[in-house]
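Data first, discussion second: the structure below is written as structure tokens.
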Amino acid sequence: MNWKVEPVLKYQCILGEGPVWDPTNARLLWVDILNGEIHQWFPNNGIHKTFKAEQYIGAVALTNSKEVIAACQKGFYKINLESKVMSPIFNPESQLPNNRFNDGKCDPAGRFLAGTMSMSNVPQAGKLYALEADHSVRVKIDQVTCSNGMAWSADSRTFYYIDTGLREVAAFDYNLKEGSLHNKKVIISIPREEGIPDGMTIDRDGMLWVALWNGGKVNRYDPKTGKLLLQIALPVSLVTSCTFGGRDLTDLYITSASTGLNERDLEKQPLAGSLFVIKNCGFQGFPPHLFSG
Ligand code: CA
């Protein structure tokens, strides 16, 4: 299959990540973790806005108000992208200054799940947390190496999760009322030559789209069988995450990174760090869940 992968705008992120489509404002949000930036792209008028924080930003999620919720180097924040005010909520790892938050996403009940990782690659030094509506924080998974992609099945009963350090996609039984997860099953193991699994989204057929870091592609899998259904090749090696956006949620947005690439690499992949889109990709996603607090 020939995919028409287009760069969205000329902007090279160090570590572009965590794309979120906002249907209310017809905008795509994503972060550049290592630049500490939140980006907004309005495809209807071509406006690009950048918010800069003085720390790493692992992920953002939408709320019911104008603010976004963010998982940063120093914990959870609410951020007003217009007034540029960052309001701290809680840092569950204030005792671990060598850790930072990485990927995050809201569950269908409006909890914000986000996980941490060691900035010096210490294995199993991170955790997956849930920020509840009342701003309490609970540990969901302990001993995570690099907390990354998340997705929920349409019936909310299954939580899909990637700890990149394990090179696998796992499925847990999810109790939406309690926000608890049980019964881990490894559903997809990714061979080293494919790259390593990073961000993830789910489509309306219940299939998983996994970005492959150092693999230069996005793979679509059937979570029931683990079967690889299709692959989308990108013109860059460090593919980080993807989500569906656009009016009908049929445009696939894909983020990428340029961190660690040398001059020769960048000559070969000048678009490294860009945001890409495949318009009308033939598949449809879900709107994102909003933070309820
Ligand atoms: Ca990631």
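The values are calculated or read from the model by the stated rules, or taken from the named source; none is laboratory data. Quick caveat: nothing in here was measured; it's all calculated off a predicted structure. Please note: Cβ atoms are built from the backbone with ideal geometry, for glycine as well, and neighbour counts cover all protein chains shown. Note: accessible area is taken over every heavy atom of the protein model, side chains too, but ligands, DNA and RNA are not part of it. Shrake-Rupley method; radii C 1.70, N 1.55, O 1.52, S 1.80 Å.
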- Task: Tell me, please, whether a residue that is in contact with a strand residue (DSSP E or B) (Cβ under 7 Å, 6 or more places away or on another chain), within 16 Å of the ligand (Cβ to nearest atom), touching a residue at least 24 places away in the same chain (Cβ under 8 Å) and part of a strand (DSSP E or B) can be found in segment 187-195.
- Result: no
- How many residues, within segment 200-248, are over 23 Å from ASP32 (Cα atoms), in contact with an Asp or Glu (Cβ under 9 Å, 6 or more places away or on another chain) and of a type in the set (A, V, I, L, M)? 4
- Message: Looking at the structure I just gave you, is PRO108 touching a His at 6+ places or on another chain (Cβ under 8 Å) and either more than 16 Å from the ligand (Cβ to nearest atom) or not in a strand (DSSP E or B) (or both)?
- Response: yes
- Task: Report, by residue number, each residue of segment 133-157 that is over 18 Å from the mean Cα position of the chain (by Cα), in a strand (DSSP E or B) and polar (S, T, N, Q).
- Result: GLN143
- Query: Between residues in segment 14-27 that are more than 18 Å from GLY58 (Cβ to Cβ) and residues that are of a type in the set (S, T, N, Q) and more than 11 Å from the ligand (Cβ to nearest atom), which pairs lie under 8 Å by C-beta distance while being six or more apart or on different chains?
  - Reply: TRP21/THR243; ALA26/ASN44; ARG27/GLN40
- Query: Which ones in segment 90-113 are in contact (Cβ under 8 Å) with a residue 60 or more places away in the chain and among the polar types (S, T, N, Q)?
  - Reply: ASN102
- Note on the structure: Exception for THR145 within (1) over 19 Å from GLY226 (Cα atoms); (2) away from the ligand (no atom under 16 Å from the Cβ) falls at (2)
- Task: Tell me, yes or no, whether segment 159-170 has at least one residue that is buried (at least 21 other Cβ atoms within 10 Å of the Cβ), assigned to a strand (DSSP E or B) and small (Gly, Ala, Ser).
- Result: no
- Would you mind finding the one in VAL60, VAL68 that is more than 21 Å from PHE159 (Cα to Cα) and within 16 Å of the chain's Cα centre (by Cα)? VAL68
- For SER274, state whether it is in contact with a helix residue (DSSP H, G or I) (Cβ under 9 Å, 6 or more places away or on another chain) and open to solvent by less than 30 Å² (accessible area, probe 1.4 Å). no
- Query: Are any of the residues in segment 253-266 under 24 Å from ASP107 (Cβ atoms) and surrounded by fewer than 22 Cβ atoms within 10 Å (Cβ to Cβ)?
  - Reply: no
- Message: Every residue in segment 215-252 that is of a type in the set (Lys, Arg) and either within 29 Å of ASN44 (Cβ to Cβ) or surrounded by 15 or more Cβ atoms within 10 Å (Cβ to Cβ) (or both), please.
- Response: LYS217, ARG220, ARG247
- Residues satisfying the stated conditions in segment 116-132, i.e. open to solvent by less than 50 Å² (accessible area, probe 1.4 Å) and assigned to a loop (DSSP other than H, G, I, E, B): ALA125, GLU132
- Scanning segment 37-54 for residues that are without any contact (Cβ under 8 Å) to a residue 24 or more places away in the chain and more than 14 Å from TYR11 (Cα to Cα), which turns out surrounded by the fewest Cβ atoms within 10 Å (Cβ to Cβ)? ASN45
